[in-house]
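Bear in mind that the values in this text are calculations on the coordinates, not laboratory data. Since the structure is predicted, the reported quantities are computational estimates derived from the model, not experimental observations. Positions of Cβ are backbone-derived with ideal geometry, glycine not excepted, and every protein chain shown enters the neighbour counts.
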Amino acid sequence: MSMDAIVDALPNHARDLKLNYSSLVRQNTELTAQQLWGTVVASAVAVRNDALTAAVLKEAGKHIPEQAIEAAKTAAALMGMNNIYYRFQHLSSNEKYATMPARLRMNGMRTHGVEPVDFELWSLAVSAINGCGKCVDSHEKVLREKGATEELVLAAVRVAAVIHAIGAVMDAEKVQEPEAVPA
């Protein structure tokens with residue numbers, strides 16, 4: 001199924017998601033094509049909805065090179081790991097954890113092969129989806145240091161929010177009420 005078909009098939013209660021997808025993705029004016037579709041890819045991977053991820057990967061291939069798609073998937077993979085680790089540190093009242101080395105490999109953060117700002121945007125989007133405040137703060141700070149505006153940052157986060165919500169609606173629509181059990 002294509003992304004257009006997925007969005008068009010969203011139920012009436014998700015009408016705002018259709019409108020937001022259209023304005024943020026179909027009519028994007030704030031992000032480069034690579035920033036936009038990398039954010040969509042990283043977000044879809046983070047959402048973990050098979051149909052959405054497949055459609056996004058197919059659509060992204062029409063807009064950005066395979067290297068950018070792979071880098072966005074790398075951002076999602078690394079943030080899937082880091083967001084859990086650093087969220088644990090943030091949530092634990094034991095301050096010693098923050099002083100201990102992570103001892104987690106993150107070579108992909110150096111070897112992704114795309115613009116650093118783009119990779120940071122994708123990492124930020126996934127961190128927002130995964131709810132890791134420490135990672136959101138860290139990636140937002142790096143983006144600002146690299147010259148990204150608040151408008152650029154929020155544009156990527158808006159895209160992540162819509163992709164996340166589309167995945168949630170798709171998951172909810174798969175759920176059906178159990179059949180009545182005979183008495």
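A few remarks follow.
- Residue match in the stretch 111-118 (condition: surrounded by 21 or more Cβ atoms within 10 Å (Cβ to Cβ) and under 13 Å from the mean Cα position of the chain (by Cα)): yes
- For the stretch 45-72, the set of residues classified as of a type outside the set (Val, Ile, Thr), under 21 Å from MET170 (Cα atoms) and touching a helix residue (DSSP H, G or I) at 6+ places or on another chain (Cβ under 7 Å) consists of ALA46, ASN49, ALA51, LEU52, ALA55, LEU57, GLU59, ALA60, listed by residue number.
- For beta carbons closer than 8 Å, sequence separation of 6+ or different chains, a first residue in the stretch 52-72 that is farther than 12 Å from MET3 by Cα and free of Cβ contacts under 8 Å to residues at least 12 places away in the same chain and a second that is among the hydroxyl-bearing types (Ser, Thr, Tyr) and not in a helix (DSSP H, G or I), there are no qualifying pairs.
- In this structure, ARG144 qualifies as more than 14 Å from the chain's Cα centre (by Cα), part of a helix (DSSP H, G or I) and free of Cβ contacts under 8 Å to residues at least 40 places away in the same chain.
- Restricting attention to the stretch 72-84, the residues that are farther than 16 Å from ALA160 by Cα and of a type in the set (A, V, I, L, M, F, W, C) total 3.
- Flag for SER123 being under 13 Å from VAL41 (Cα atoms) and of a type in the set (S, T, N, Q): yes
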